[in-house]
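Reviewing the structure listed below.
The values are calculated or read from the model by the stated rules, or taken from the named source; none is laboratory data. Fair warning: this is a prediction, and the values are worked out from it, not measured in the lab. All Cβ positions, even for glycine, are placed from backbone atoms using ideal geometry, and neighbour counts span all protein chains on display.
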Amino acid sequence: MTRLNQALAFIKPHAVHNTAALDFIAAAFAQNGVRIVHQILLTGDQVRATGAIDRHYAVNARVGTCDNPAALFVGPEARARFLDLFHTPWDDALKQGRILSGLSAQKKLGLTGEALNALWAAQKAQKLAGGLYVIFLPELQAYVLNGFYPSIRDLFTAPAAVLKLMVVEFDAAVLPWHAFRAKVIGSTNPAAANPASIRGGLHAAQKDAGLTVTYRENVIHASASPFEALIEKNLWIPGFPLTRDPLWQLLSAAGLPLDRVLRWREDNPVITRDGKPEPLIESLEDLDTDVLAARLLELVKTGAL
């Protein structure tokens, strides 16, 4: 019996018209038994109108676009890290108005997202917590949070941008989810990715392909788990029937309502696994559909969700 996995993938705008990239992706899918079962194109205007990109990159977007950094949750460890890096307490910098989101910094400087990203890239960004990165920007004498994000938003919402969305399927017994991500897609940083993967292979061949492949523009996105795939399909392709989603088939059969599952994505509750606390979404990464469904249902059964 086939243990079906189904992911959402999309080819990013910088690569969607590159023939060499499209051929490489098609070959990698074919060689590994990854089948495209649904695909659509979205223009930058459509992406902007739906707000999908900010919801897709929700954590990074929330930090990178916030008007009031004081409203962000910054835990004790992140505050201690900030103090250690900059020798200034987080709350003091807030009161002085010296903590800005990337979008606020962009507006103050009157720059494009790409120009702000160039300033961001010239500094060494420091990670304070998951989805929370900071630099000190001399031009504003301020600490900028997720200053890379406005440029990402611009890449997807530019009028000329095109995004190719794909629902792909593969047999977990032949290609487990962790192998799909590592072997087929490749790690987020293309320079460190498996050279046989899409990201790694195109990074090595970028000169011949006429394509720049970087950490930010890394050709392709793919869901980190069947749970994220379910959420991302609902976000990006609302017309795709979730009755065709293997995870949703298992969860709905157990009586779980969709709004409850979607709320888990928004709240990302902390659960305990092997005696250690861990955010739900991160705890589900790289699990195959049947294993992930069993874990979610057990968490529901024990009252952890």
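Listed here are the residues, each with its yes/no results for (1) under 17 Å from PHE136 (Cα atoms); (2) surrounded by 15 or more Cβ atoms within 10 Å (Cβ to Cβ); (3) in contact with a strand residue (DSSP E or B) (Cβ under 8 Å, 6 or more places away or on another chain).
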residue: GLN6; (1), (2), (3): no, yes, yes
residue: ALA20; (1), (2), (3): no, yes, no
residue: PHE29; (1), (2), (3): no, yes, yes
residue: HIS56; (1), (2), (3): no, yes, no
residue: CYS66; (1), (2), (3): no, yes, yes
residue: PHE73; (1), (2), (3): no, no, no
residue: LEU100; (1), (2), (3): yes, yes, yes
residue: GLN106; (1), (2), (3): yes, yes, no
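Highlighted here are the helices (runs of 4 or more DSSP H) found entirely within the range 144-252 that include at least 3 residues which are in contact with a helix residue (DSSP H, G or I) (Cβ under 7 Å, 6 or more places away or on another chain) and farther than 30 Å from ILE99 by Cβ: 198-204, 226-236. Within the range 240-276, the set of residues being acidic (Asp, Glu), surrounded by 12 or more Cβ atoms within 10 Å (Cβ to Cβ) and either within 22 Å of GLN6 (Cβ to Cβ) or touching a Pro at 6+ places or on another chain (Cβ under 8 Å) (or both) comprises ASP245 only.
Across the range 83-141, the qualifying residues are those that are assigned to a loop (DSSP other than H, G, I, E, B) and among the β-branched types (Val, Ile, Thr), and the one among them that is farthest from ARG153 (Cα to Cα) is THR88. In this structure, is TRP264 under 17 Å from TYR57 (Cα atoms) and assigned to a helix (DSSP H, G or I)? For TRP264, the condition - under 17 Å from TYR57 (Cα atoms) and assigned to a helix (DSSP H, G or I) - is met. In the set (1) hydrophobic (A, V, I, L, M, F, W, C); (2) on the phi > 0 side of the Ramachandran plot; (3) not assigned by TED's automatic domain parsing to the domain that holds VAL162, VAL219 fails one condition alone, (3). Being touching a His at 6+ places or on another chain (Cβ under 6 Å) and under 26 Å from ASP171 (Cβ atoms): is that true of ASP290 here? No.
Among residues of the range 203-223 that are closer than 25 Å to TYR149 by Cα, those with a beta-carbon under 8 Å from a residue that is acidic (Asp, Glu) at least six positions away or on a different chain give the pairs SER223/GLU232. For TRP236, the test of being under 19 Å from the mean Cα position of the chain (by Cα) and outside the structural domain of ARG181 (by TED's automatic domain parsing) is passed.
Entry remark, the range 36-64: residues being in a helix (DSSP H, G or I), farther than 29 Å from ALA26 by Cβ and among the small types (Gly, Ala, Ser) number 4 in total.
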